[in-house]
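Beneath this line is the structure, given in structure tokens, with notes to follow.
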Amino acid sequence: GELPQLLAAGVVLPLRNTDVRAHLRGAVAEVVVTQRFVNDNAATLDAVYTFPLPENSAVTDMRMIVGARVIEAEIRERGQAQ
């Protein structure tokens with residue numbers, strides 16, 4: 001099927017695909033979500049990426065690739081991150 005259209009300020013955000021892979025280890029699940037966005041417009045898009053997670057979950061790694069740039073997130077404990 002088709003991916004839903006995401007809108008921000010009336011502009012369609014260019015999500016091309018989403019891939020989800022999960023590994024279950026007992027009561028723990030490791031889930032890797034890969035999304036691909038492509039901006040075909042001449043205008044620059046500015047967006048805030050928010051990923052909803054359950055209260056008892058954690059992010060261990062986040063990486064964005066923008067053209068030739070690779071941006072690695074610095075992951076901190078919840079109290080330090082706020």
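Read-outs: derived from the displayed coordinates by stated rules, not from any lab. Note that this is a predicted model, so its numbers are computed, not measured. All Cβ positions, even for glycine, are placed from backbone atoms using ideal geometry, and neighbour counts span all protein chains on display.
Loop-located GluC sites (Glu not before Pro) in the range 8-82 (DSSP state not H, G, I, E or B) with no more than 15 neighbouring Cβ atoms inside 10 Å: Glu55, Glu74, Glu77.
Annotation: amide H-H contacts under 5 Å for Phe37 (H modelled 1.01 Å from N, sequence separation of 5 or more, or interchain): Arg16.
Spin-label model, Arg63 to Arg16: label points 7 Å out along the Cα-to-beta-carbon direction sit 1.8 nm apart.
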